[in-house]
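As structure tokens, the structure follows; a few thoughts come after it.
The values are calculated or read from the model by the stated rules, or taken from the named source; none is laboratory data. Note that the structure is predicted; figures quoted are calculated from it, not measured. Positions of Cβ are generated from backbone atoms using ideal geometry, with glycine treated the same way; all protein chains shown enter the neighbour counts. Just the protein is used for accessible areas: all its heavy atoms, side chains included, with ligands, DNA and RNA removed. Shrake-Rupley method; radii C 1.70, N 1.55, O 1.52, S 1.80 Å.
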Amino acid sequence: MTSQDIIAIASDLPDFEDHDKQEIKYTTCYMCACRCGIKVTVEDNKVRYIQGNPNHPVNKGVLCAKGNSGIMKQYSPAKLTSPLLRKEGTERGAGEFEEISWDRALDIVEKRLSHIRATDPKQLAYFTGRDQMQALTGMWASQFGTINWAAHGGFCSVNMAAGGLYTMGHAFWEFGDPDWENTKYFMMWGVAEDHSSNPLKLGLKRLKERGAKFVSVNPVRTGYQAIADEWVAIRPGTDGIFALSMIHVLLKNKLVDDEFLIRYTNSPQLVVNTPGKVGDGLFYRQMTEDSKADEGTIQIWDLQTETFADANRADISPALFGEFTAADGTPVRTAMSILIEKYLDDQYSPEVAAKECGVSAEDIERIALEMAHVAFKETITLDVEWTDWAGRKQDKFIGRPVSMHAMRGISAHSNGFQTCRALHLLQIMLGTIDCPGGHLAKPPFPKHIPPGIKPAKTNIPNTPLKSPPLGFPTCPEDLVIDDEGKPLRIDKAYSWDAPISCHGLMHMVISNAAKADPYKIDTLMLFMANMAWNSSMNTAQTLEMLTAKETDDTYKIPFIICSDAFNSEMVAYSDLVLPDTTYLERYDTISMLDRPISEPGAACDSVRTPVIEPDRNVLSWQEVMIEMAGRLKFPAFTKADGERKYKDYKDFIINFEKEPGIGFLAGYRGEDGTKSLRGEPNPRQWEAYEENQGFFEYKLADNQRYMRHANKDYLSLAKEAGWVGSTDQIIIEVYSEKLQKFRLAGQGLYDGPMPTEAHHKERLAEYFDPLPIYYVPLEEQRIDREEYPFHAVNQRPMFMYHSWDSQNAWLRQIMSQNYLYMNRVAGEKLGIDDLSWVWVESHNGKIRAQIKLMEGTNENTVWTWNAIAKRGGAWGLSEDTNEATDAFLMNHLISELLPAKGDSYDKITNSDPITGQAAWYDLRVKITPVENGETGAWPQFGPLKPQPNAKPSPSTLSYTSHKNVNIIRGWADTLLTGAKHVGQKNKKAKKS
Amino acid sequence: MKLGLVVDLDTCVGCHGCATACKQWNTSGTIGPLSDQDPYSKDPSGTWLNRIRTYEVGDTPNSKTVHMPMSCMHCEDAACVTVCPTGASYKREEDGIVLVDQDKCMGCNLCAWACPYGARELDAEQGTMKKCTLCVDRIYDLKLPEAERQPACVLTCPTRSRTFGDFDDPNSEVSQLVRERSGKQLLPELGYNPVNTYLPPRNKPVAEVHAQASVSQTVKGWVNKIITR
Amino acid sequence: MHPAFSVLIFTVASGAGYGLIFLLILGHLVGISALQDQMLILVAGITSLIFISCGLLASTLHLTNPKNAWRAFSRFKTSWLSREAVFAILFYPFVIGYLLAIYLQGSQLNGLSALLGVMSLVIAFITLFCTSMIYASLKTIKQWNTALTPVNYIVLGLMSGSLLLLAIQAMLAASPATDLYNLAFVFLAMGAVVKSIYFYWIGKPSGSTIKTATGFTQASVRLLDQGHSSNAFLNNEFGYTVEADKLLRIRMASLGLSFLIPALILMSTSSVLLVLAVFVCLAGLLAERWLFFAEARHVVRFFQANKKD
Ligand SMILES: Nc1nc2c(c(=O)[nH]1)N[C@H]1C(S)=C(S)[C@@H](COP(=O)(O)OP(=O)(O)OC[C@H]3O[C@@H](n4cnc5c(=O)[nH]c(N)nc54)[C@H](O)[C@@H]3O)O[C@H]1N2
Ligand SMILES: Nc1nc2c(c(=O)[nH]1)N[C@H]1C(S)=C(S)[C@@H](COP(=O)(O)OP(=O)(O)OC[C@H]3O[C@@H](n4cnc5c(=O)[nH]c(N)nc54)[C@H](O)[C@@H]3O)O[C@H]1N2
Ligand code: SF4
Ligand code: SF4
Ligand code: SF4
Ligand code: SF4
Ligand code: SF4
Ligand SMILES: [Mo]
């Protein structure tokens, strides 16, 4: 259609919108954690339209179903309207609140917290859920002085973070992306939606356009898997053996990128080979007289000089394979030799693997060889000159265009850390790390392995922690345990139960606190976490723990503060509720110090700025944090003269410096706003972001875009920007000496802290293998596989964010009830009919749910959409709403502890033994039809109360931001047009 | 002109983005509001102009999942228009867009009966018939940036599975897509001649496998190559 | 299709009304002796007007925006519903004129009253036809999109009309007139035949399938998700389903009530019973209308799945 046509036609049409009355504002979506840029049209403080910002690096103009429904979140009847204090003499959970002023609310918090801080800081447990402001909350906790802080990573996907950060310095999850523009073969493991949901969709489209192959490994075929070229319907929990078996195939055929392995990984490094002796399996180091263990320099065997040499020298040709004897007689061999010996073993052969994972031996072999073909026969090169870590000029980037993405299908299992390492090992063998067409890091990643932060252990009144509460242990010395080896943290993170729990174990906090194990806390402060419902394992019992009392009738968890924006299930179980603003009403930063919105080719961060005025008595959590930090006189928030340093959040963001020139926002720094990444505070920084549509994008130069673990051009920039501590090469750790140290501790061969209890020893010796391994998920090890024949997993619906969106009048029309999906053939075998009600039973309990039979599901697996069920009355919903009567929560079936067998494992968390990642998807169930035709979801919990003085939710909605302007069909046209309805042009329509 | 949409079934992941974008734009658009009934209680429902269906093609274990977004097809032989007694429903001569004049509709439902594609929904609150307007109030709004004179559903689609354009113009992107990807109409046998066209899933790309090492090679141990770091 | 009660009433009542007036005037014009009685013509005429008007009123009840009902005359050019509306209204002046003439000058026809009569019966017939075409013209509903639909509708209209006529005649003139009596019999027989043909015909599978609806013609296709978990407009309007056995029972009832029982009653020539026959028949026809909707499957159902509990 030509523009003349358009103009001609347009001139016949009325003015639909009064653009002069409308205002356009840019901010960042927060209907989920993807953080797309949005362009919001507002007219008289009402939202007309929320659209994607076409210039935004994350979403490039597109929006998902949630982002498009922001209006209905803004007008949700569940919005909290005022601070709430549990009524005197009412029980926690009854939801009886009185509305109080912010002054009173903040005074209560200040009084309580200043006492805790002055006496025993760790008695404040501060945990945050689906937030994106961990840089601020974490810093707040360290300033407060409590080690009991963590975000949701422990029940979310720490396995992906740790698996990557301990292997290659970046990861899947939000840390890296496939090179969508160049990859030719893409494997997606266990992803339904993920955080970068719009970028993934944009990327998949590019793949398909370019005819790249898309293989999806997933027991369920919906969403992304629906458009995959090949669907591998794996049995849950067995991806590790599938991946390692593909490595077996590659090794058998000598299809590995040995140049990559020698230059960029530790596979040629020499490992001490003294089984049963202290120091076995550690790297062989050249010691100088005064150097303590692991201070010496790691050795390799140089093929040219035929001598041992320092592994990190540039001028060497290390042997990739071989056994040698060191001058001091120590038998050593290369890490690669150990690797080959391990994976060529028959237990990793496709035939054996097939039996475990259900993928046929032929397919395992074929897929491995397909990837090898793309990696080695369809290699791409970018003729870009770059400088490597040693300062040598390189004339091109070599691309092995195989890429992968993996998420909670891998991480939400108790073997997820090792499985994640197995996937990375597969990528490494093919040389596809941060190369064109491969898996790319997003700044500030990659980082050195692991990042050099150690978890804090101190608990000193009125004193900040020496380091952040969360960090990256590299040896037993780093554990957060006391001299008897007992956990110091309330969630038992960094204890022998889960030594490398880098994100904490949020899913254990309530359970431990209620048992006063390891100790009793005073106040539990939750931000953006619905722990009384969908983010707790074992929800039914969790509700009891939240209300459990001591003999003296006081609560076992004495005081619960929650920050929420809506009348969620958690609100009813809190003593003090601090109502937050909505994402369209507040100032916020998506910071490089946190989980930024960077793209592989650009370092990015962004802000939220209010687009409409709050109509309620609410205060953003950001402001509450700054206010409390000031009141409690945290050093970093207080001037020498005791005066408050920052007047509010905006002021803090502008002026706070982590180190000189580095603040929360990396863009528009320096007095005049001309400096990027590092620079003095800019008093107009917020305005600068608003002028630049709410985000900052620093594009990397062509020579900084790949091989960043060994790219001096990049590493120097990264150091300048404060992303890494040094420009040293980031050596990819095929072989993890760090894990080996823990294993030695388990074997009693470590000179340093060692566990005393048998089960800890067993777990360390068994699971802390320095090379990726597969083991049967822990729940499956402890239940009767025949009795519980089905795996039960969840998926994220693309149109709902956890518990947030049942209050959304548009989104809940798409789904207000979830079904238990089961393969049709499996259902027919059991005589289970479509849409019939069944009992679903696990070792932890049973629920009643409605079945939906489908084709695209692994025959041993049942699944459902996550967090659709709600408590009646919560979320502004009626008591008899579908979410409450027919929808069900899988969480009741999932125990936070391992299945009880009366042994010492009974009390151990149902998590990955290495990282403490919640093992949601280890769940096994049995399914039986209901007798006597019962229907409806079970268990049922009584309805919750609406917040005090809440208006009743409307029974119909007709949302519009202005009276519609109808197009009126002309009279003649109406009367005279014939059957072929070729009408005459519309008359200029009058506003109706 | 013959305006309409092409929807790519090869890339649609069924995210419902286009459905909610449509709801969002049009509830304040020319045929708005689009009302919702029982929005916060049992069995919520409402008026939508674009809905996403999901089908499974083939039987276990060889099934394929397909997402099918459906809105008004702006049919060339739109019986929904011929049956309308009031003349509220009409097909525009200049661009083929099928519209409902909200001031004329008497809510008899006959047009919905005549539509094979479930594209028309009677608004329970307004009492008038609602349907996809092809975002006539965006594509002709000269005050919008030119790049944004597109239907809301097209702009928002995260997999860019939706394309808007003129099917009369053989060089338009939509016409090319239909040619190159042999686009399909739904229910062609009914003879409505829908303008909206669906691109069937592409054939799988052929992936070659790497030659396997001969047995002799595999049994031989690994030999070190001289490679400098 | 969802059987809206107002529409059932409308089609049955106006069908009978137009049938009655059509036969009445036709008989009067061709001079059937029993129909030359002024009283009879007036009573039957008024009765038909009552039936027709109630029907029309009922039909407006299902409009959700009745304030625009008057606009229904606009699209005479293409819309059968519009045409029906136009003729339904056009009918009144003629038939009222005709009845007035009879009232004023008795049953003897003169040029004017004859003309008015002819016009009335022609328009009555056309209106019947238009109503039936509203349904017959919908390609989306295989069970309606057939010549059998108008044939059925017209025959059943005339049938119920003939019964009415007979009953009224018998009430007024203590005994039923033979030719009206035979006429009713003939129509009952015709009605039974055409309806049986219809039932046989819709039994044969044909038309669109979920494969043509989705474009995947190679393999089996199953709807997994309709995109909304509670019923919406399309489910309520088109999702109407009744178990097969119930349908069969209602079919039997409808056949019995509409044709068989009236026929049996007719055997006994008691005028009082004839009135009963009329009501039984109308009840049967209501069931027949209900089936006409309940057994109609709109193609949209390939895109929808009703929520079961
Ligand atoms: N729309 C939407 N987006 C979200 C969220 C949301 O709630 N809604 N939540 C956000 C959050 S907090 C997170 S953590 C991410 C999570 O993003 P995802 O990792 O996509 O989350 P899940 O829905 O848990 O997807 C798990 C997938 O793995 C599959 N799976 C389960 N077990 C296995 C297995 O053993 N092997 C394999 N190969 N696959 C398996 C499941 O079928 C499912 O498809 O999503 C984020 N994005
Ligand atoms: N069975 C099962 N359970 C799971 C999962 C699973 O896959 N299966 N996934 C797990 C994972 S990965 C995660 S991350 C968790 C997520 O679970 P949670 O961390 O609990 O996150 P949500 O349920 O999304 O929301 C938590 C609270 O944030 C509140 N909220 C929303 N917006 C705002 C705001 O602007 N300000 C404030 N202060 N509060 C707000 C909501 O009202 C809600 O009460 O669920 C976990 N639970
Ligand atoms: S993915 Fe959707 S919900 Fe999440 S930020 Fe982007 S638009 Fe918003
Ligand atoms: S937005 Fe695009 S991908 Fe999502 S459902 Fe619509 S067409 Fe499919
Ligand atoms: S899709 Fe339905 S509403 Fe749209 S033009 Fe075709 S028949 Fe009419
Ligand atoms: S519902 Fe409205 S638009 Fe549809 S046929 Fe009736 S009058 Fe026309
Ligand atoms: S074109 Fe506009 S009205 Fe039609 S479906 Fe898309 S968004 Fe909705
Ligand atoms: Mo998560």
How far, in degrees from 0 to 90, does helix C:178-203 lean away from the longest principal axis of the Cα atoms of chain C, to the nearest 10? 10
Please list, in chain and number order, the residues 5+ apart from B:G46 or on another chain whose amide H is under 5 Å from its amide H, with Hs placed from the backbone. B:Q37, C:F233
What percentage of the solvent-accessible surface of the stretch B:132-205, computed with a 1.4 Å probe over protein heavy atoms, is contributed by carbon and sulfur atoms? 49
Once the convex hull of the C-alpha atoms of the stretch B:1-72 is built, how many Å³ does it hold per residue, rounded to a whole number? 133
Using the charge dipole of the stretch A:176-218 (Lys, Arg: +1 at Cβ; Asp, Glu: -1 at Cβ; taken about the Cα centre), state which of A:L204, A:A192, A:P178 has its Cα farthest towards the positive end. A:L204
Considering only protein heavy atoms, what is the solvent-accessible area of B:D8 at a probe of 1.4 Å, reported in Å² to the nearest 10? 10
Selection from A:W231, A:A243, A:Y264 lying farthest towards where the dipole of the stretch A:208-265 points positive, charges on Cβ: A:W231
For the stretch C:244-309, what Kirkwood radius comes out of the mean inverse Cα-Cα distance, in Å? 13.6
For the stretch B:93-191, what is the convex hull volume of its Cα atoms per residue in Å³? 159
Cα Rg over Rh - the stretch A:543-621, Kirkwood: 1.17
Amide H neighbours of A:T128 under 5 Å, at least 5 residues apart or on other chains, H built in the peptide plane: list them. A:A150, A:A151, A:H152, A:F527
Taking a spot 7 Å from the Cα of C:V118 along the direction of its beta carbon, which residues of the stretch C:17-61 have an amide N less than 18 Å from it? C:22-32
Radius ratio Rg over Rh of the stretch A:257-385, counting only Cα atoms, Kirkwood formula for Rh: 1.08
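If R₀ is 30 angstrom, what is the calculated FRET efficiency for the pair C:I89 and C:V151, using the beta carbon separation as r and rounding to 0.05?
Step by step, r from the Cβ atoms, then E = 0.75.
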I need to check one value: relative contact order of the stretch C:124-282, counting alpha carbon pairs closer than 8 Å and at least 6 residues apart, in percent. 26
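Per-residue Cβ counts within 10 Å, from other chains only, averaged over A:834-842: what number is that?
If you average over the peptide's residues, the count of other-chain Cβ atoms is 1.
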Selection from C:L247, C:Q108, C:V122 lying farthest towards where the dipole of chain C points positive, charges on Cβ: C:L247
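Mind checking how much accessible area B and A bury in total, 1.4 Å probe, in Å² rounded to 100?
So the total buried area for this chain pair works out to about 10100 Å².
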Whether the stretch A:313-421 is rounded, prolate or oblate, judged on the alpha carbon gyration tensor where a/c under 1.5 counts as rounded: oblate
With the 8 Å Cα cutoff and a minimum separation of six or more residues, chain A has a relative contact order in percent of 17
How many angstrom lie between the C-alpha centres of the stretch C:2-24 and the stretch A:503-556? 69
Calculate, for C:T269 and B:E125, the FRET efficiency according to 1/(1 + (r/R0)^6) with r their C-beta to C-beta distance and R0 45 Å; round to the nearest 0.05. 0.20
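Inside 10 Å of the C-beta atoms of A:222-235, what's the mean count of C-beta atoms belonging to other chains?
5
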At a 1.4 Å probe, which residues in the stretch A:804-829 are at least 20 Å² less accessible with all protein chains present than in their chain isolated? A:A809, A:W810, A:R812, A:Q813, A:I814, A:S816, A:Q817, A:Y819, A:Y821, A:R824
Which residues does a label at A:K951 reach in the stretch A:551-594, if reach means a backbone N under 17 Å from a point 7 Å past the Cα toward the Cβ? A:567
Given the stretch A:23-67, report the % of alpha carbon pairs whose separation exceeds 14 Å. 40
Would you mind telling me the share, in percent, of accessible area of the stretch C:94-149 contributed by carbon and sulfur at probe 1.4 angstrom? 76
What residues from the stretch B:99-127 fall in the zone where the backbone N is under 12 Å from a label point 7 Å along the Cα-to-C-beta line of C:S6? B:106-109
Ignoring ligands, DNA and RNA and using a 1.4 Å probe, state the total buried accessible area between B and C in Å², rounded to the nearest 100. 4300
Tell me the accessible surface of B:L99 in square angstrom (1.4 angstrom probe, heavy atoms of protein chains only), to the nearest ten. 10
Long-range Cα-Cα pairs in the stretch C:79-202 (distance over 22 Å), rounded percent: 51
Rounded to the nearest 10 Å², the accessible area of A:D880 using a 1.4 Å probe with every protein chain kept is 80
Per the Cauchy relation, a quarter of the hull surface: what is the mean projected area of the convex hull of the alpha carbons in chain B, in nm²? 22.2
Label point distance in nm, A:K87-A:K907, each placed 7 Å from Cα along Cα→Cβ: 4.0
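Run the accessible area of the stretch A:271-345 with a 1.4 Å probe and give the carbon-and-sulfur part as a rounded percent.
The computed percentage sits at 51.
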How compact and how long is the stretch A:401-528, expressed as Rg and Dmax of its alpha-carbon atoms in Å? 17.9, 54
Which values, in whole Å and largest first, are the semi-axes of the equivalent ellipsoid of the stretch A:918-961 obtained as the square root of 5 times each eigenvalue of the Cα gyration tensor? 36, 19, 15
With a Cα-only, solvent-free Debye model of the stretch C:1-119, what are the log10 I(q)/I(0) values at q = 0.12, 0.23 Å⁻¹? -0.50, -1.25
Give, rounded to the nearest 20 debye, the magnitude of the charge dipole that the stretch A:723-825 has about its Cα centre when Lys and Arg contribute +1 at Cβ and Asp and Glu contribute -1 at Cβ. 400
If the convex hull is drawn through the Cα atoms of the stretch A:835-944, its volume per residue in Å³: 148
Note the angle between two axes, namely the Cα long axis of helix B:17-27 and the longest principal axis of the Cα atoms of chain B, as a number of degrees from 0 to 90, rounded to the nearest 10. 20
Of all beta bridges DSSP finds with both residues in chain A, what is the antiparallel percent, to the nearest 5? 65
Rounded, prolate or oblate for the stretch A:889-957? Axes are the square roots of the Cα gyration tensor eigenvalues, ordered a ≥ b ≥ c, and the cut-off for rounded is a/c under 1.5. oblate
Dipole moment magnitude, nearest 20 debye, the stretch A:192-246 about Cα centre, only Lys, Arg, Asp, Glu C-beta charged: 200
For chain A, what is the charge dipole size about the Cα centre, in debye to the nearest 20, if Lys and Arg each add +1 at the Cβ and Asp and Glu each add -1 at the Cβ? 2200
Distance in nm between pseudo-label sites at A:E690 and B:R179 (7 Å out along the Cβ direction from Cα): 5.0
Counting other chain Cβ atoms within 10 Å of each Cβ in A:197-209 and taking the mean gives 5
Once C:L61 and C:A189 are pulled to full extension, the length gained, defined as 0.36 nm per residue separation minus their Cα-Cα distance, is 42.7 nm
On the principal axes of its Cα set, how long, how wide and how thick is the stretch C:119-174? Give whole Å, largest value first. 49, 25, 11
Mind listing P(r) for chain C? All alpha-carbon pairs, 10 Å bins, whole percents. 6, 25, 31, 22, 10, 4, 1, 0
What translational diffusion coefficient, in µm²/s and rounded to a whole number, does the Stokes-Einstein relation yield for the stretch A:485-579 at 10 °C and a viscosity of 1.306 mPa s, taking the hydrodynamic radius as the Kirkwood radius over Cα pairs? 115
Hey, what's the protein assembly as shown come to in accessible area per residue, 1.4 Å probe, Å²? 32
Summing both sides, how much accessible area is buried between C and A? Use a 1.4 Å probe and give Å² to the nearest 100. 1500
Linear extension gain, A:E671 paired with A:S3, 0.36 nm per residue minus alpha-carbon span: 235.9 nm
For the stretch C:60-87, which residues drop by 40 square angstrom or more in accessible area between the chain on its own and all protein chains together (1.4 Å probe)? C:L63, C:T64, C:N65, C:N68, C:R71, C:S74, C:R75, C:K77, C:T78, C:L81
So what is the orientation-averaged projected area of the protein assembly as shown, using the convex hull of its C-alpha atoms, in nm²? 61.3
